Amino acid sequence: MKKITKVALATTTFLALASLAACSSSSTNRGGSTDSTTLKKGDLIGVSMPTKADQRWNVDGANLVKDLKAAGFKTKLAYANNSTSQQSTDINNLVSAGAKAIVVASVDGTAVGPAVKQAESGGSTVIAYDRLIMNTDAVNYYVTFDLERTGILEATDIINKLDLKNGGGKAVPYNIALFAGSDDDNNAPYFFKGAWDLLKPYFESGQLVDPSGLVTKDTTDADWKKISVHAWDQSQAQKQMDAFMTKLGDKPLAAVLSPYDAISLGVMKSIQNARPDMTTATPFDSKNPQNKSAWPIITGQDGMDIAITNIHFGAQDETVFKDVSLLAKQTTSILTDLTKGDKPKSVDAPMNNGKKQVPTWLLKSTDIVLKPTGDQQDPSYIPKTGFITDAQYQKDIAAPIIK
């Protein structure tokens with residue numbers, strides 16, 4: 001009888017431990033890589049966007065809501081007003097509302113880390129949208145555009161328009177101003193690297209020079225914050241360009257590397273104020289590079305309304321347009337795969353966020369110029385993607401230049 005009791009006790013203990021292990025395994029799965037087993041159609045997807053102040057984030061938010069609803073999910077959308085604390089609160093509120101997945105376009109890729117960690121620990125799948133969330137293992141997937149390609153397209157436009165490959169700037173160096181994106185945006189160094197890898201050789205050869213001294217032939221990718229524009233702010237860009245124009249004096253200006261259309265606009269306003277002799281009626285020409293009244297080659301990114309207007313009238317040379325509807329589609333595809341129990345697969349290499357290799361999808365952007373060649377497009381391509389309506393496009397090309 002005593003022997004039977006020992007066996008029974010042992011059996012009971014074993015079952016209890018097995019049950020505990022099963023519970024522990026279930027808890028781990030809720031916040032780990034097997035989140036695909038918990039997501040289903042009809043679940044709430046939380047979307048956290050950085051701000052409504054910029055045109056593109058309004059389009060991103062609308063696209064995500066539309067595509068996710070069409071795929072059978074419920075959605076809740078929040079905008080953080082470019083505040084890191086507000087975005088953390090938004091994420092917490094989305095989780096409290098029952099979101100089983102969180103899509104985050106971060107204001108600050110590091111500051112949002114604790115909030116997404118709490119979300120992931122509670123069982124939510126976390127997708128970093130456009131901007132990688134840094135220094136946390138609580139990121140399941142990352143969807144963005146090919147970041148270095150943006151800088152490559154911008155630099156290529158400058159190289160071609162200044163005829164650098166054929167010796168432009170060898171007799172007398174061409175003056176150029178360079179800007180990088182916000183110092184708290186993890187995408188910004190990649191944009192700059194793509195451009196700098198192509199432009200640096202022309203600084204080394206003496207064909208390009210930055211009169212401000214902020215960028216030299218010895219500049220490296222790691223120095224990008226010296227020319228960053230905090231929060232991608234137009235007014236801040238204008239102030240930085242004012243300082244550059246003081247250094248430039250009455251000399252000609254060949255080009256401005258700008259990574260964002262609003263920065264480009266700030267640059268243009270500064271040029272107008274400092275050098276009213278410069279006019280878009282006389283674009284920079286490598287055949288007459290010492291014309292002090294020539295308007296510089298100015299790049300940009302995002303295909304905003306102001307860029308369409310300024311490209312149409314010759315104030316901006318190009319913008320790198322990212323069809324953000326592709327981001328929404330890829331995000332929706334990942335979440336749909338998870339509802340089927342499938343592991344989302346990407347052909348692109350994962351990106352390191354400082355804590356883990358995050359599965360990454362890199363989408364292709366498009367170079368928008370007034371007179372396209374190769375795979376470039378003209379501004380009329382933008383409404384064809386649905387980014388803006390044709391009616392808005394017609395307003396853009398009729399609007400005052402440099403508004």
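The values are calculated or read from the model by the stated rules, or taken from the named source; none is laboratory data. The structure presented is a predicted model; accordingly, all values stated were derived computationally and were not measured. When we count neighbours, we look across all protein chains shown, and the Cβ atoms used for this are built from the backbone with ideal geometry, even at glycine.
Name every residue in the range 175-187 that is touching a Pro at 6+ places or on another chain (Cβ under 7 Å) and either outside the structural domain of Ala155 (by TED's automatic domain parsing) or not in a loop (DSSP other than H, G, I, E, B) (or both), in order of residue number. Even if it seems obvious, please write down each step before you answer.
Keep residues of the range 175-187 that are touching a Pro at 6+ places or on another chain (Cβ under 7 Å), which gives 175, 179-181.
Passing the criteria: Asn175, Ala180.
Within the option set Ala97, Ala62, Ala128, Ala119, being among the small types (Gly, Ala, Ser) and touching a helix residue (DSSP H, G or I) at 6+ places or on another chain (Cβ under 7 Å) holds for one residue only, Ala119. Of all residues in the range 222-278, those satisfying the criterion of being assigned to a loop (DSSP other than H, G, I, E, B) and farther than 20 Å from Asp305 by Cα are Val229, Gly249, Asp250, Lys251, Pro252, Leu253, Ala254, Arg275, Pro276, Asp277, Met278.
Whether any residue in the range 360-376 is under 17 Å from the mean Cα position of the chain (by Cα) and more than 26 Å from Ile158 (Cα to Cα) is what I want to check. Within the range 360-376 (the criterion being under 17 Å from the mean Cα position of the chain (by Cα) and more than 26 Å from Ile158 (Cα to Cα)), the answer is yes, since at least one residue qualifies.
The listed residues are Lys170, Lys117, Lys200, Lys193, and the only one of them that is assigned by TED's automatic domain parsing to the domain that holds Leu338 and of a type in the set (Lys, Arg) turns out to be Lys117.
How many residues are assigned to a loop (DSSP other than H, G, I, E, B) and over 17 Å from Glu318 (Cβ atoms) if we restrict to the range 351-384? Spell out how you get there, then give the answer.
So in the range 351-384, the residues assigned to a loop (DSSP other than H, G, I, E, B) come out as 353-356, 359, 364-365, 370-376, 378-380.
Right, trim to over 17 Å from Glu318 (Cβ atoms) and you get 353-356, 359.
Residues meeting the conditions: 5.
Count of the range 304-341 residues, restricted to those that are in a helix (DSSP H, G or I) and not hydrophobic (A, V, I, L, M, F, W, C), is 13. Tallying residues that are buried (at least 19 other Cβ atoms within 10 Å of the Cβ) and either part of a loop (DSSP other than H, G, I, E, B) or not aromatic (Phe, Trp, Tyr) (or both) within the range 282-298 yields 6.
Against the condition among the aliphatic types (A, V, I, L, M), within 19 Å of the chain's Cα centre (by Cα) and either assigned by TED's automatic domain parsing to the domain that holds Gln301 or under 15 Å from Ala119 (Cα atoms) (or both), how does Val104 come out, does it pass?
yes
Just to be sure, is Ile382 hydrophobic (A, V, I, L, M, F, W, C), surrounded by fewer than 17 Cβ atoms within 10 Å (Cβ to Cβ) and touching a Phe, Trp or Tyr at 6+ places or on another chain (Cβ under 7 Å)?
no
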